[in-house]
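Everything on this sheet refers to the single structure shown next.
The values are calculated or read from the model by the stated rules, or taken from the named source; none is laboratory data. The shown structure was predicted, so the numbers you read here are calculated from the model rather than taken from an experiment. Cβ coordinates were reconstructed from backbone atoms using ideal geometry, including for glycine residues, and neighbour counts include every protein chain displayed.
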Amino acid sequence: MEDQSHTQIATFTSRRQFLVQAGVAVLAAAAAPAAAIAGNPPPGPTDGTTIMDFERKLKRMRFEHYRHPPVDILKEGFRPVGGKIADFATARQGGRDHFFYIERRLQEGTPFYPGHEIYFGHASTADFFAWEVHDPVMLVRPGTWEEAHVWAPCILAEKAQFIMAYTGLNRHLSQDIGLASSRDLFEWKRWPGNPLSPCRNAPWAAWWDDDIASCRDPHLLRHDGRVWMVYTANTREGAACLALASSRDFKRWKDHGPIITGPTAGYEPSLTGGHLQGSFESANLSFREGRWLLLTKAPIRNAAVRTWAAVSERPDKFDLEQMWPFWKDAIGVEVVRNQGTRSLVAGMVGGYLRFAEVDWAETRPSAREIKDRETLRGWNPV
């Protein structure tokens, strides 16, 4: 028994050693393709034209083209490779200006189509001439109030963080507004209290969550101890409007109602070519030179102007009849830099980001598009 037991143990040990050795051999055999998959070159001679060489070179070429696209900022403007931009936000961090934008990848379509406008593109520049495109942020979340699309970000610098207000759409195309925050502009965290739903219980608003409804394009401004938020909405009478809400803590919001209202009829939809008359959109509210200034796309029939301006002594009342042209070809105007009473502003022109100057001290300020390198360089602090 003792000898037999010893033999069995020896045999078991031998088999175990065999299995271990066999496993080592299998792993060794798999090591070469595994290394190749990991990115190491395959063993053996190569003249640099194998299919693996081709794929690696093509990958590097494509990513370099995507990350650092050729940009003629004065003639055309900036756009990402493979798409164009719509409403955008801007913020400055670490000596670079960052832009977050709706990325439109199918120009013949509409933002309502499934799969369109489902994240924010992100690009930055240190001098307005050389651009770097980063990974997208704020991807839609299936099964939530923002499952179909995300639109129109706006960013406010608050102490050690950045706060983004943005539009989310559900599968019914009902629009609502949410908040997100970031410390580095690359990682964004949505707020647990989302969505804000400023139209939900407003007695003036035509809004519901089971069909298409307007509550979009938020724009934030901090003034006099409060954060003011202007946004696109509709009235129960059937008119497009811009509405206003304010808060001291981003949690409890006071409704100020519509601040400017369009007509209650004449809105004409079209599958192509935009509208003869449409919504107020892409608004920008600021307080400059002792007065409130509103920039917006406006429902003004047969006008070839994209962005209009109006002034008021109060933030909750503007007159549509008193608006004047601000920037003929651009929409979604945002301030990038300030120098005294002057500002460098950006707007979207035909899907490209373009720059202009404006002097707010003028009675009726308007944007003057920048056409030469020296003028644009003059806004670069580097």
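Listed values, structure above:
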read-out	value
Test: residue in segment 175-182 that is in a loop (DSSP other than H, G, I, E, B) and either of a type in the set (Ser, Thr, Tyr) or in contact (Cβ under 8 Å) with a residue 24 or more places away in the chain (or both)	no
Residue match in segment 304-323 (condition: in contact (Cβ under 8 Å) with a residue 40 or more places away in the chain, within 25 Å of the chain's Cα centre (by Cα), farther than 30 Å from residue 70 by Cβ and in the same structural domain as residue 98 (by TED's automatic domain parsing))	yes
Residue tally, condition in a loop (DSSP other than H, G, I, E, B) and either in contact (Cβ under 8 Å) with a residue 12 or more places away in the chain or surrounded by 23 or more Cβ atoms within 10 Å (Cβ to Cβ) (or both), over segment 156-172	4
Matching residues, segment 83-131, being among the small types (Gly, Ala, Ser) and within 19 Å of residue 151 (Cβ to Cβ)	83, 86, 89, 91, 109, 115, 121, 123
Set 123, 160: member being aliphatic (A, V, I, L, M) and modelled with pLDDT under 95	160
Residue in segment 313-321 that is at pLDDT below 95 and over 22 Å from residue 167 (Cβ atoms) present	yes
Unmet criterion (only one of (1) at pLDDT 95 or above; (2) crowded, with 17+ Cβ neighbours inside 10 Å) for residue 338	(2)
Selection within segment 207-227 - within 23 Å of residue 294 (Cα to Cα), over 22 Å from the mean Cα position of the chain (by Cα) and part of a loop (DSSP other than H, G, I, E, B)	224, 225
Test: residue in segment 173-188 that is surrounded by fewer than 16 Cβ atoms within 10 Å (Cβ to Cβ), hydrophobic (A, V, I, L, M, F, W, C) and farther than 23 Å from residue 111 by Cα	yes
Lone unmet requirement of (1) touching a Ser or Thr at 6+ places or on another chain (Cβ under 7 Å); (2) on the phi < 0 side of the Ramachandran plot for residue 332	(2)
Extreme residue, nearest to residue 332 (Cα to Cα), among residues of segment 201-218 that are surrounded by 18 or more Cβ atoms within 10 Å (Cβ to Cβ) and in contact (Cβ under 8 Å) with a residue 60 or more places away in the chain	217
Top-ranked residue of segment 130-155 - restricted to ones that are among the charged types (D, E, K, R) and in a strand (DSSP E or B), ranked as surrounded by the most Cβ atoms within 10 Å (Cβ to Cβ)	132
One residue from 198, 192 being assigned to a loop (DSSP other than H, G, I, E, B), farther than 18 Å from residue 157 by Cβ and free of Cβ contacts under 8 Å to residues at least 24 places away in the same chain	192
Selected residue (only one of 345, 349 is closer than 14 Å to residue 128 by Cβ and either surrounded by 18 or more Cβ atoms within 10 Å (Cβ to Cβ) or acidic (Asp, Glu) (or both))	345
Residue within segment 109-129 that is closer than 24 Å to residue 187 by Cβ, part of a loop (DSSP other than H, G, I, E, B) and over 16 Å from the mean Cα position of the chain (by Cα) present	yes
Among (1) surrounded by fewer than 22 Cβ atoms within 10 Å (Cβ to Cβ); (2) modelled with pLDDT of 95 or more, the one test that residue 355 misses	(1)
Test: residue in segment 25-47 that is surrounded by fewer than 13 Cβ atoms within 10 Å (Cβ to Cβ), at pLDDT 75 or above and farther than 30 Å from residue 154 by Cβ	yes
